[in-house]
Structures are given as structure tokens and as C-alpha cells.
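A.B. asks: Mind looking over this structure? Questions follow.
Read the figures in this text as sums done on the coordinates, not as results from a lab. Computed from a prediction, not measured in an experiment: that's the story for all the values here. Neighbour counts are summed over all protein chains in view; Cβ atoms, including those assigned to glycine, are modelled from backbone coordinates with ideal geometry.
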Amino acid sequence: MLMSVQEYVAWMTRLGRFSESAAAPEHDPRVCARYLQLHARWLGGPIEAPVVAVAGGLGFYRDPLAGGSAWAWALVGALSHPVVPLAGPEIVAAAEAIAATLADDCGDSQVMTDTFEAEGLGEPTSAEGQAFAWLASPRARFDGNFRITSPR
């Protein structure tokens, strides 16, 4: 379902994914509201990009700070180490719903994932012991035909 960024923050709060007592500041609706005010003031106006909300509490949008081309986690483009409000296994379980929602609401969309096996990435997200990492960096770019191969 498509919604404005303000509607997204209110929706996430109703779901209990955002709250004033959240451990991560980006999950506090007051912080989100202030971010939206500062974005409008300093970065060229209010965020007009619609958020694609996925049942269970995920949102994606075309981040204006990243040129607005790819779908990304909603409202975290200005953060270097954002926290997604779902645990790894929840995201893996929601992968098909994410892809279907993006296809329904956005037409020709693409979901890209990579799986890593490395120490320190947390608990495995599947019975096979696979875990995943998320890299959001203003310097690192995985464009074109970038591939990760395992020396097995």
C-alpha cells in the first residue's frame, strides 16, 4: 500500500514498530517528525516520495538523498548505521510479501539480496546457517555486475 512519509510514521507507530521509548532513535516518531522538518528546511523541501508499506511493518521509498532511483528502506537515507525495525528472520520470512507488494504497487521493481557467511553477523536466518549483512555506505557502491563469490 502506498502512503506519504507522515502516514508511514503514524502507521509504524500504530503497529508498535515505532514508539517514543524505542531503543533506536530512528524508530521514535518524534525523531522522524523532526527529521522530516529538517529535511524540508535544509534539503530542498518536504519529502514527496511515496512509501510502499509492507504488511508487518516495513516501508520502502525512492530516497531523495540517494538520487531517488532505487527503492530503499524508508527514512533512513541520512543515517550511516540505521536499524530496521524487524529482526533478520522476520525480514527473511517477509521476503516474498516484500517482492509482491513492490510489484503490485510499483510495477517493474527489483529486489536484490546477498547472503554472507561470516563470524559476528548474528544468528543464522535459515536452517542452512546462512546469515545476511546490510551495507549502507556513502562510499561503497555495488553497481553493475558486482558479485560476491565464496571460496568453497
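A.B. asks: Taking only the C-alpha atoms, wrap a convex hull around segment 36-85 and report its volume per residue in Å³ as a whole number.
C.D. replies: 83 Å³
A.B. asks: Label-point separation (nm) for ASP105 and GLN6, each offset 7 Å from Cα along Cα-to-Cβ?
C.D. replies: Calculated label separation equals 1.8 nm.
A.B. asks: Note down the nm distance, to one decimal, between modelled labels 7 Å out along Cα→Cβ at SER80 and at ALA40.
C.D. replies: Taking the two extended label points, one gets 2.9 nm.
A.B. asks: From the phi of every residue in segment 50-67, what ³J(HN,Hα) in whole Hz does the Karplus formula 6.51 cos²θ - 1.76 cosθ + 1.60 yield, where θ is phi - 60° and glycine or proline is x?
C.D. replies: x, 9, 8, 9, 9, 3, x, x, 10, x, 10, 8, 8, 5, x, 6, 10, x
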